[in-house]
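Below: one structure, written as structure tokens.
The values are calculated or read from the model by the stated rules, or taken from the named source; none is laboratory data. Since this is a predicted model, take the numbers as computed values, not measurements. Virtual Cβ from ideal backbone geometry, glycine too; neighbours counted across all protein chains shown. Please note that ligands, DNA and RNA were not included when accessible areas were found on the heavy atoms of the full protein model with its side chains. Shrake-Rupley method; radii C 1.70, N 1.55, O 1.52, S 1.80 Å.
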Amino acid sequence: MTTATVAGFTAADITAASNAAGAGGKVLFPSDAYNATGLQNTVADQTWELERGAVLEKPASANTASILTNLANGLQLRGGEIRDTLTNTTEHGVSTVGKSFSMRGTKMTDIRGWGVVGGNAALDIEDSDFRDPYHGAIYWNSTTNGVIGPRIHANRIFKTDPAKYGTHGGIHIRTAGTLWTDWNLNTIVTQNYIELPVGNIADSVGIDVWQGQAPLVWGNYVKNGRIGYSLYATQFFRLSQNQAFACHDYAYEYVACSYGTHALNNGRGWGGGLNYGVSAVQETKFCKFYDSNFIGFSGYGGQDHYFSGDSTPNTVR
């Protein structure tokens, strides 16, 4: 494996080091600020290691492209920070649509679009921090059937400054193909902390999964926002040991879902709005809801939990 160190502070300098490292190589970023305007990765299976204090940033710029556009499979980003400028109209922090990508221990600050955008390829995000992205922190979308979903584990997401807020919230997994035909498979979203603004902000959702087959959503904590967890047209879901704290409308929302299990989840209400512990609508059916704890939900006749809407037949315990 060839290792190359970035010798300057521009996107061209980074590209030169990447080309020198070659496929399967390693690129080292010494601690400093790098002007990443127009930065693209075109070399497969590289590892980019950013020292503590190394920052890929886009200063004030008319360039609307992502800070880093990944055009080759297998890029691994490790450490450092990706930072935007509030006056920019940047699309995303990292765009990796159709190309596999993993990120560990990286901080994203003030991204003016989505933090990381992927789809139709493997995405693995772990132990990273997202602070005030304009849209959500992570967005992944598949457009065909049978794509293995992303793995998103132990990240910290803070969207707590309304002045920097655009839309959406935390982690959003989608499939845009034909309903009931095209699915993302085995998506994993575990042990993430997500804090959203207080109140009824449209699309302010902590974690959502659309058209998933057997997603695992486990051990996460969502605070505030409109909805804590939202599943749509999803089958065989496993949603367990999560916490929803003071969400405005729903702690847990299921829309047109089936054959799934909701177990050992917690919800703390006293939010505004509809204030339901669980909402299960549009013929959500053949699901199991059991052994969960809810307190302080005033919606649906003052009950703390289960259900609003047409939610039968389901097993509730």
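Could you tally the net charge around SER142, taking each other residue with its Cβ under 12 Å from the Cβ of SER142, Lys/Arg +1 and Asp/Glu -1?
So the environment of SER142 carries a net charge of 0.
For THR2 and ASP203, calculate 0.36 nm times their separation in residues minus their Cα-Cα distance, and state this gained length in nm to one decimal.
Extra length from THR2 to ASP203 when fully extended: 67.9 nm.
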Note, ³J(HN,Hα) from phi for region 118-123, Karplus 6.51, -1.76, 1.60, rounded to Hz, x at Gly and Pro: x, x, 6, 6, 5, 9
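In terms of the Cα gyration tensor, with a ≥ b ≥ c the square roots of its eigenvalues, is region 115-231 rounded because a/c is under 1.5, prolate because a/b exceeds b/c, or oblate?
On the way: a/c = 1.86, a/b = 1.61, b/c = 1.16.
Verdict is prolate for region 115-231.
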Burial order of peptide ranges 191-200, 88-97 (average beta-carbon count within 10 Å, highest first): 88-97, 191-200
Expected 222 nm ellipticity per residue - DSSP helices of 4 or more, -39500 (n - 2.57), all of the chain, to 500: -1000 deg cm²/dmol
Residue-normalised accessible area of region 64-146, expressed per residue, 1.4 Å probe, Å²: 32
Förster radius 45 Å - calculated FRET efficiency between ASP45 and VAL281 (Cβ-Cβ, nearest 0.05): 0.50
For region 23-64: rounded, prolate or oblate by the Cα gyration tensor [a/c cutoff 1.5]: oblate
Cut-off 13 Å between beta-carbons: net charge of the residues surrounding PHE101, Lys and Arg +1, Asp and Glu -1: +1
Using alpha-carbon coordinates, inclination of helix 11-21 to the longest axis of the chain, degrees: 80
